[in-house]
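Readers should treat all values here as calculations from the given coordinates under stated rules, not as data from a laboratory. None of these values were measured; they are calculated from a predicted model. Positions of Cβ are backbone-derived with ideal geometry, glycine not excepted, and every protein chain shown enters the neighbour counts.
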Amino acid sequence: MKKLLTFLAFGFVAVSVFAQPKPAIQFPDYKFTTVKANPITPVKNQYRSGTCWAYSTIGFFESEAIRLCKITDTLKYPDFSEFFVVSHSYYERGLKYVRLDGHLTFGAGSEADDVLDVIRDHGIVPNEAMTGMNYGTELPVQGELDAILKGFVEAVAKNPNRTLSTAWQRAYKSVIDEYLGKCPESFVVDGKTYTPASYRDAMKINPSDYVTISSFTHHPFYTKFAIEVCDNWRWDLVYNVPIDEFMAIVDNAVNNGYTLAWGADVSHPGFTRNGLAILVDAAATSTAGSDQEHWVGKEEGAPAPVKIVESVPTQESRQLEFDNKTITDDHGMQIFGIAKDQDGKKYYMVKNSWGETGKYKGIWYATEAFVKGQSMDVMVHKDALPKDIKAKLGIK
C-alpha cells in the first residue's frame, strides 16, 4: 500500500525499522490461546516490494477457495500467483497515468479492490504458472523495476512527439513481462488445462460476491464512496458503516468461517516487529516501577515493569486521524481468527506477508482497539455480513 519505503525496509530483513520513529515499549510476555481460526495458506514474503496489497488479498482469496471448494487436505490448498495480479495492475495503472497526463500517483502500492478488479477482468493463475521472479532473485526485489516503470510512464505522459506513438503500450508491457514473466494464457493443474478465467471459476470465486467496508463520517453511512487515498488509483467504491457495525462485520465473518482482507495503518507504536498490534496509549502506559523502586531504584539490569494501557478509539477519533493523515493505508494483511491472552483479553489473528518472522512465525495478534482504531477497510464475502447490516446496505 502506501509508504513504499516502509515496506522496502521491512523487506530487507525479518526485523527492521518503521519509516517513522517509534517509542520503545517493553511489552509483557503474552500467551495466546486460539478461540477460532479459519484456514489460511502458508505465510509468504513480499520482501523488498510494496505489494502487500497483492499478498494479503491473494491470501484472502486462497482462503475463500478453501472454504468454497471445501478443501480439507492442507496439501491441496491453492497457491495463487500474486504477480499475475501485480502485472495486470502495473500495466493498467500505466495506461491510466498517461490518460490523466501524469496526474495520478504511480508506485508499487495499491489496495484490495485492485486485486478483485484483476480477478474479475482477467482471472487467477497458480503460482507455479507465474512466480513473478523473472529477474534473478528468489524473493521480490522491485526497486529497479518500480523506478523504470515510473520513468517510462512519466516520459510518455509528457507527450514529447505531440501525439502518442503506436509503440509505447507494447514497449511498456514488454518491460513488465521481462521482469515478472508473461501472464499465461493457459496452464495445467492436476492434469486439466485451464485459462485464468476458467481456473477462477473452478475455484468457485465469483467477484460480484465480495464487498469492501469502511467507516468514516465525511461520507453518509450506508452509502458507497471512493476512499481518498492515493493507492485507490482505480477509484473503487467501498460501503460506509458506523465503526461498531464495522467491528460486528469482522466478528460475524470470523465466527462463521470467513476471513477478511484488512487494510490498516501500522505506523502506530503498538504495531511491533514481533507479532503484536496494540493501540498503546503512550501517555498512560507506565514504565515506572514500584514504590520501592521510586525510593531505592530498581535492581540493576532488571527491566522496568510495564502496564500497557490502550487508547479508546471512537468514530470521532478515527475521522480526526484520517483527516490529519495519521490513519492511512499503510499495509494490507489478512484477518483469519480470534484468540485470547492469559488474562482473557480478545485479539484478532492476522496473517502478514513478511515471511515467517517474529515470535509467532508471521502471525500477528491485534487487539479489538487496534483494529477498531487503525483500520482503513476490510474486504469480505457478502454472506459474511450480519443480515441487518446487509439489509441496510441494500446488498442481496
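In the chain, what percentage of the DSSP-assigned beta bridges are antiparallel, given to the nearest 5? Show your work: numbers first, answer last.
Details: 39 of 44 bridges.
Antiparallel: roughly 90 percent of the beta bridges in the chain.
In order along the range 226-243, phi translates into HN-Hα couplings of 8, 4, 7, 10, 4, 5, 7, 6, 7, 6, 5, 9, 10, 7, 10, 9, x, 5 Hz, rounded to whole numbers, per the Karplus curve 6.51 cos²θ - 1.76 cosθ + 1.60 with θ = phi - 60° and x for Gly and Pro. Think of the range 4-393 as having a plus end and a minus end, set by charges on the Cβ of Lys, Arg, Asp and Glu; of TYR348, ASN38, THR166, THR166 sits farthest toward the positive end of this dipole.
In straight-distance terms, cross-link reach from LYS396 covers every one of the lysines whose alpha-carbon lies under 23 Å from its own, apart from those fewer than eight places away in the same chain; here that gives LYS204, LYS224, LYS382, LYS387.
The average projected area of the range 88-246, computed from the convex hull of its Cα atoms over all directions, is 12.1 nm². The translational diffusion coefficient of the range 218-264, from Stokes-Einstein at 20 °C and 1.002 mPa s with a Kirkwood hydrodynamic radius over alpha carbon pairs, comes to 176 µm²/s.
In summary, the lysines within cross-link reach of LYS307, defined as a Cα separation below 23 angstrom excluding same-chain residues under 8 places away, comprise LYS22, LYS31, LYS298, LYS340, LYS345, LYS346, LYS359, LYS372. The alpha-carbon positions of the range 297-396 define a convex hull whose volume is 187 Å³ per residue. For the peptides 201-207, 327-333, residues were scored by their other Cβ atoms within 10 Å and the scores averaged per peptide; the highest-first order is 327-333, 201-207.
I need to check one value: relative contact order of the chain, counting alpha carbon pairs closer than 8 Å and at least 6 residues apart, in percent.
Relative contact order for the chain comes out at 24 percent.
Partners of LYS182 within straight-line reach, counting lysines whose Cα lies under 19 Å from its Cα and excluding those fewer than 8 residues away in the same chain: LYS173.
Report summary: the helix-based calculation at 222 nm, which adds -39500 (n - 2.57) for every DSSP H run with n ≥ 4 and divides by the residues of the chain, gives -10000 deg cm²/dmol.
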